[in-house]
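**Q** Here it is, the structure, as structure tokens.
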Amino acid sequence: MLRHLGQYLLLMIQVFKKPEKKSIYLNRIFFEMDKLGLDSIGIVAFISLFVGAVLTIQMAFNIDSPIVPIYTIGFATRKSIILEFAPTIISLILAGKVGSRIASEIGTMRVTEQIDALEIMGVNPATYLIFPKIIASMVFNPLLILMSIALAILGGWLSGLFSGLVGSYEYVYGIQFQFQMYDVTYAMIKTVVFAFLITSISGYFGYYTKGGSLEVGEASTRAVVVSSVNIIIFNLLLTNLLLA
């Protein structure tokens, strides 16, 4: 574990070295936004709508006391979505989708000696391959999470409306009740940290892949597992730092 940590830190030093030509890296960042960000909109939107709907239904059935006001359903749904579901669960999903893609892409370039060719041409392969992915994810993932929050709340409203469990007025009032902008800020901070973890860890496992196609698959699996574990650990740490 210490060896991997040391290699990871040394790789990050290489990743954040000054780029050779900034215009090329800017184009690479926009390219990665398309491949890592835009391609994830569909799965994020689908999951967010249905999870928001399920959360609202579960809240409605659990809050069955006449003492608790009905608008608590919207309030609890909003809190659950903004504080935990959108930044953490969606990031875990992105770790599987985006992380495996990054690790397999860079790992394939390693075993086919394309990274060696970049080094021969005088290009820093760590910066060229990993840096644009990190920046693209750290910029685009917060937009995905904001979309996820909006769609999950919309899904909750639709499920409450069509199931008759909560009316529109009560649900919307609960969504607005004691709203704090810091909750969204907290979610964005977690998202940026998780985006860095996903891309840097996946890039690390891909970069140091050895062998052939079988090892590329193993590196992809390790990247997803380690990224997910680190997301859970940092979720606990950030929650204690930002909310405690």
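**Q** Quantify how much of the Cα-Cα distance distribution of segment 60-121 extends past 20 Å, in percent.
**A** Cα-Cα pairs in segment 60-121 separated by more than 20 Å: 59 percent.
**Q** By count of other Cβ within 10 Å, fewest leading, how are D64, D183 ordered?
**A** Values: D64 7, D183 16.
The most exposed by this proxy come first: D64, D183.
**Q** Helix 2-15 against the longest principal axis of the chain: what's the angle in degrees, Cα atoms only, rounded to the nearest 10?
**A** Rounded to the nearest ten degrees, it is 80.
**Q** Ok, one more. Sort V224, V229 by Cβ crowding within 10 Å, fewest neighbours at the top.
**A** Numbers: V224 22, V229 13.
Neighbour counts put them in this order, fewest first: V229, V224.
**Q** Moving to a separate point now. With N set to the number of residues, divide the alpha-carbon radius of gyration of segment 39-84 by 2.2 N^0.38 Å and report two decimals. Walk me through the numbers on the way to the answer.
**A** Working: Rg = 12.6 Å, N = 46, 2.2 N^0.38 = 9.4 Å.
Compared with the compact-globule rule of thumb, segment 39-84 sits at 1.34.
**Q** Hey, another quick one. Using the basic label-point model (7 angstrom from Cα toward the beta carbon), what is the F162 to T112 distance in nanometres?
**A** So the label points at F162 and T112 sit 4.4 nm apart.
**Q** Residues with beta-carbon under 14 Å from that of Y25, excluding Y25: net charge, scoring Lys, Arg +1 and Asp, Glu -1?
**A** On the way: positive: K17, K18, K21, K22, R28, K133; negative: E20, E32.
Computed value for this residue: +4.
**Q** Excluding same-chain residues fewer than 8 positions from K97, which lysines have a Cα within less than 19 Å of its Cα?
**A** Those lysines meeting the cut-off are K35, K133, K190.
**Q** Suppose R0 equals 41 Å; then what is the FRET efficiency for K210 and T185 from their Cβ-Cβ distance, rounded to the nearest 0.05?
**A** Details: r = 42 Å, r/R0 = 1.02.
Working from the Cβ atoms, E equals 0.45.
**Q** Is there a quick way to get the dipole size of the chain? I mean about its Cα centre, with the Cβ of Lys and Arg at +1 and of Asp and Glu at -1; what is the value in debye to the nearest 20?
**A** Approximately 480 debye in magnitude.
**Q** Can you list the aspartates and glutamates whose alpha carbon is less than 14 Å from that of K210, not counting same-chain residues fewer than 8 positions off?
**A** E105, E113, D116, E218
**Q** How high is the relative contact order of segment 26-236, in percent, counting Cα pairs under 8 Å that sit 6 or more residues apart? Intermediate results must be reported in sequence, preceding the final value.
**A** Numbers: 288 pairs, mean separation 81.1, N = 211.
For segment 26-236, the relative contact order is 38 percent.
**Q** Suppose each label sits 7 Å from its Cα in the direction of the beta carbon; what would the H4-N62 distance come out to in nanometres?
**A** 3.3 nm
**Q** Count the net charge of all other residues whose Cβ sits under 14 Å from the Cβ of A45, scoring Lys and Arg as +1 and Asp and Glu as -1. Display every interim value, and only then the final one.
**A** On the way: positive: K97; negative: D39.
It works out to a net charge of 0.
**Q** Nearest 10 degrees is fine. How inclined is helix 181-207 to the longest principal axis of the chain, computing both from alpha carbons?
**A** Compared with the principal axis, the helix lies near 30 degrees.
**Q** Enter the angle in degrees (range 0 to 90, nearest 10) between the Cα long axis of helix 213-243 and the first principal axis of the Cα atoms of the chain, meaning the one along which they spread out most.
**A** Result, in degrees: 50.
**Q** Then there is this: Stokes-Einstein at 25 °C, 0.890 mPa s, Kirkwood radius from Cα pairs: D for the chain in µm² s⁻¹?
**A** On the way: Rh = 19.3 Å.
For the chosen part, D equals 127 µm²/s.
**Q** Taking the Cβ of N230 as the centre, find all other residues whose Cβ is under 13 Å away and add up their charges (Lys, Arg: +1; Asp, Glu: -1). Walk me through the numbers before you get to the answer.
**A** Details: positive: K190, R222; negative: none.
Result for the neighbourhood of N230: +2.
**Q** How high is the FRET efficiency between M121 and D34 when r is their beta carbon distance and R₀ equals 30 Å, given to the nearest 0.05?
**A** Efficiency computed from Cβ-Cβ geometry: 0.75.
**Q** Out of S148, F50, F16, whose Cα points farthest toward the positive end of the dipole of the chain (charges: +1 Lys, Arg; -1 Asp, Glu; placed on Cβ)?
**A** Projecting each Cα onto the dipole axis, the largest value belongs to F16.
Every number here is computed from the coordinates shown, using simple stated rules; none is lab data. Keep in mind it's a predicted model, so treat the numbers as computed, not measured. We place every Cβ from the backbone using ideal geometry, glycine too, and count neighbours over all the protein chains shown.
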